[in-house]
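Engineer: Starting off with a structure, shown below.
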Amino acid sequence: MELYHGLNEVGTDDVGTVVTLGNFDGVHRGHQTVLQAVAALARERSLRSVAMTFDPHPRTVHRSDEPTLMITSTEQKADFIADTGIDALFVQHYDLDFAAQSAEEFVRTYFVEALGCEIVVVGDDVRFGKDNEGTIETLRHLGEKYGFRTETIEEVGRGGRYSSSRIRDQIVGGDVAEAADQLGRYHRVEGAVVHGDARGRDLGFPTANLSEDAEGLIPADGVYAGWATFSDEDLAYPAAISVGTNPTFEGSVRRVEAHVLDKEFGEFDVYGRHMTLEFVSRIRGQVTFTGMDELVVKMHEDIADVREVLHT
């Protein structure tokens with residue numbers, strides 16, 4: 001999949017495009033349905049499929065006092081969109097200057113002149129242009145003017161449409177199992193493995209700590225059953241994942257760390273490697289223990305619960 005970060009990166013050729021537009025945070029099942037349909041339509045017409053998205057999220061720009069927690073980073077979003085068969089992803093930097101364009105100016109500059117669209121596929125509730133003045137009727141009118149066809153597709157969903165906002169709330173609340181059902185895959189948090197306090201190793205439960213700039217929305221504090229994969233390896237290891245501040249040790253920094261089951265410290269070197277954690281199910285919330293013995297007992301119980309969830 002090609003990746004564009006601005007108008008100057010869009011290639012010029014004679015192949016028309018099928019374009020879709022959206023924030024696509026999480027690239028959930030509803031998004032996947034739309035993106036796969038766009039890719040299939042483009043293949044049928046011998047056109048190129050292009051998805052256009054924004055970075056940062058428009059709500060973050062317009063409501064800077066209420067930052068939007070993103071389910072996925074832009075890089076993760078690109079990887080998930082590539083899996084749908086889309087030929088190119090256009091990541092447009094979003095700021096107030098961009099937002100000030102009229103609906104027609106936006107369509108003419110991006111869809112028509114830059115991408116050479118022949119078909120635009122969107123949802124019925126699409127809004128675009130200054131003050132969200134553009135609607136599906138606007139897009140159809142502009143299509144007649146500039147020579148492209150507008151098609152709508154209904155997002156699917158169980159019990160209502162799939163929703164990034166709902167999935168975001170589920171993850172923040174720790175309900176990663178329900179979020180996985182909506183996403184169509186386990187929620188991922190990933191980044192470099194960094195050195196921690198080595199307390200887990202001293203207790204007999206060595207952990208790999210994620211860097212503070214890890215990508216992906218971090219779930220509620222607690223212990224989770226999940227899978228850990230490391231760069232240069234295809235194997236997914238069963239893991240007990242801990243999210244929190246380690247209140248038993250009066251910690252203040254929120255951390256994400258994973259204990260890989262049945263691996264002793266030093267058995268494989270993971271420091272500095274890229275680790276991806278997939279959250280399967282929450283085992284329990286964060287607890288403050290009165291002593292080390294109580295903590296170790298609970299950790300053994302957590303490992304047993306993780307094994308039961310992962311069937312390992």
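Engineer: Per residue, how large is the accessible surface of the chain? Use a 1.4 angstrom probe and give square angstrom. Kindly include the intermediate steps, with their values, before the conclusion.
Structural biologist: Values: 15170 Å² over 312 residues.
In whole numbers, the chain has 49 Å² accessible per residue.
Engineer: Karplus couplings for the stretch 132-137 from phi (6.51 cos²θ - 1.76 cosθ + 1.60, θ = phi - 60°), rounded to Hz, Gly and Pro as x?
Structural biologist: 6, 5, x, 10, 4, 5
Engineer: Can I ask one more? If we sort 43-54, 74-85, 19-30 on the protection proxy, mean other Cβ atoms within 10 Å, highest first, what's the order?
Structural biologist: Ranked from most to least packed, the peptides come out as 19-30, 43-54, 74-85.
Engineer: In addition: Residue farthest toward the positive end of the dipole of the chain, with Cβ of Lys/Arg at +1 and Asp/Glu at -1: which of Ser165, Val189, Thr207?
Structural biologist: Value: Ser165.
Engineer: Among Thr229, Thr60, Thr288, which one shows the biggest mean-square fluctuation in a GNM of the chain, springs joining Cα atoms closer than 10 Å?
Structural biologist: Greatest mean-square fluctuation among the candidates belongs to Thr288.
Engineer: Would you mind telling me the antiparallel percentage of the DSSP bridges in the chain, rounded to 5?
Structural biologist: For the chain, the DSSP antiparallel bridge percentage is about 60.
Engineer: Just the number, please: percent antiparallel of the DSSP beta bridges in the stretch 2-152, rounded to the nearest 5.
Structural biologist: 5
Engineer: Additional query: Show me, for the stretch 178-187, the HN-Hα J-couplings you get by feeding each phi into the Karplus relation (A = 6.51, B = -1.76, C = 1.60, θ = phi - 60°), rounded to Hz, glycine and proline as x.
Structural biologist: Listing the rounded values in order: 5, 4, 4, 5, 6, 6, x, 6, 6, 5 Hz.
Engineer: Also, quick follow-up: Run the dipole for the chain about the Cα centre, Lys and Arg Cβ at +1, Asp and Glu Cβ at -1, nothing else charged, and hand back the magnitude in debye, nearest 20.
Structural biologist: It works out to roughly 580 debye.
Engineer: Just need the relative contact order of the chain here, percent rounded to a whole number, with Cα pairs under 8 Å and 6+ apart. Mind dumping the intermediate values first?
Structural biologist: Working: 590 pairs, mean separation 50.2, N = 312.
After rounding, I find 16 percent.
Engineer: Quick one: what does P(r) look like for the chain with 10 Å bins over all Cα pairs, in whole %?
Structural biologist: Histogram of Cα-Cα distances, whole percents per bin: 6, 24, 29, 19, 14, 7, 1, 0.
Engineer: Next question. Along the positive direction of the dipole of the chain (beta-carbon charges: Lys, Arg +1; Asp, Glu -1; about the Cα centre), which of Phe80, Val270, His5 reaches farthest?
Structural biologist: Result: Phe80.
The values are calculated or read from the model by the stated rules, or taken from the named source; none is laboratory data. From a predicted model like this one, the values you see are computed outputs, not experimental measurements. A quick note on method: Cβ atoms are made from the backbone with ideal geometry, for glycine too, and the neighbour counts reach across all protein chains shown. Note: accessible area is taken over every heavy atom of the protein model, side chains too, but ligands, DNA and RNA are not part of it. Shrake-Rupley method; radii C 1.70, N 1.55, O 1.52, S 1.80 Å.
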